[in-house]
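Bear in mind that the values in this text are calculations on the coordinates, not laboratory data. As the structure is a computational prediction, the values presented were derived from the model and not from experiment. Cβ: placed from backbone, ideal geometry, glycine included. Neighbour counts: every protein chain shown.
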Amino acid sequence: MEKRQELYAGKAKSVYHTDDPDRLILEFRDDTSAFDGERMESLARKGMVNNKFNAFIMGKLQEAGIPTHFDGLLSDTECVVKKLDMLPVECVVRNIAAGSLCRRLGVEEGQVLTPSTFELFLKNDAQHDPMINESLAETFGWATPEQLKEMKALTYKVNDVLKALFEEGGMLLVDYKLEFGVFKGQIVLGDEFSPDGCRLWDAKTREKLDKDRFRQGLGGVIEAYEEVGRRIGISFD
Ligand code: C5P
């Protein structure tokens, strides 16, 4: 597969065209951002760790029957994906209260959420990814009601698969964000799943093992990502 010109550079990943019009190359960079890109840092090994982490998780989700854009690893920091028409909507499921939910509602961090919640956010940095709902998504054409229904069902299905996976590694899947796109008419999971886009706590100590370590200046960010990976059977060598 031939890597061609850059299509898009996000805050942590770059996307490249290939010689196949239906395939793209995702490159995971060492860049890390928080607070809508206000804080940027380069963390050694992060691109490699997140690329391998994402490959492992996408494989698990595919095995469970969830359609994903992931085709295969290309190098330590690159993978090949299907070219989706991305929907500008972020789907968030929460099993335990943390982050923006606590700020928004004044609820205590750590409260178990039963049933798990589902939220939609508009992918728009300039507007700071505002929370939206199905009515707004339909009216403004960000996603159709059918697409929203499918995204919600798939996001919860991901929860069943990954909650169990992380539980086996002694961790709690607190929350996560997914993005979807359309490939040949089908809703397909896109973007990435890594500790950059989810919250994972040690089940016993509740130690944070995800991007909150960066957001909150706790240090040991990539060491924590690697620890999570090791606990679920990923090798980063
Ligand atoms: O900030 P908030 O609490 O709403 O985030 C919920 C989950 O979604 C967290 O795991 C966070 O890492 C993830 N998220 C993300 N990208 C965003 C917003 C949230 O990965 N733009």
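R4 sits among other residues whose Cβ lies under 11 Å from its own Cβ, and their net charge, with Lys and Arg +1 and Asp and Glu -1, is -2. With neighbour counts taken as other beta-carbon atoms within 10 Å, the residues V107, V89, V161 rank, fewest first, as V107, V161, V89.
With both labels modelled 7 Å from their Cα along Cα-to-Cβ, the E167 to E138 distance reads 3.4 nm. Geometric descriptor of the chain, per residue, is 131 Å³ (volume of the convex hull of the Cα atoms). Proximity of backbone amide H atoms, modeled 1.01 Å from N, is registered between N95 and D175 at under 5 Å, excluding neighbours fewer than 5 places apart on the same chain.
Ranked for footprinting exposure by Cβ neighbours inside 10 Å, fewest first, C102, C91 give C102, C91.
Tell me the net charge near D76. Cut-off is 10 Å between Cβ atoms, D76 excluded, with +1 for each Lys or Arg and -1 for each Asp or Glu. Around D76, the surrounding residues sum to +1.
Between segment 168-237 and segment 32-107, the C-alpha centres lie 8 angstrom from each other. Pairs spanning more than 25 Å between alpha-carbon atoms, out of K149/K177; K11/K163; K83/K163; K46/K184; K11/K157; K123/K149: K11/K163; K83/K163; K46/K184; K11/K157. So, counting K/R as plus one and D/E as minus one, what does the shell of residues with Cβ under 14 Å around L162 add up to? Neighbourhood net charge equals 0. Shape class of segment 3-82 from the alpha-carbon gyration tensor: oblate, with a/c at 1.5 or above and b/c at least as large as a/b. If the chain linking E108 and E146 were pulled fully straight, counting 0.36 nm for each residue of separation and taking away their Cα-Cα distance, it would gain 10.3 nm. Each of V81, V228, F180 was scored by the projection of its Cα onto the charge dipole of the chain, and the greatest displacement toward the positive side belongs to V228; charges sit on the C-beta of Lys, Arg, Asp and Glu. Given +1 at the Cβ of Lys and Arg, -1 at the Cβ of Asp and Glu and no other charges, the dipole of the chain around its Cα centre is 360 debye to the nearest 20. Relative to the Cα centre, the charge distribution of segment 85-220, modelled as +1 at Lys and Arg Cβ and -1 at Asp and Glu Cβ, gives a dipole magnitude of about 280 debye.
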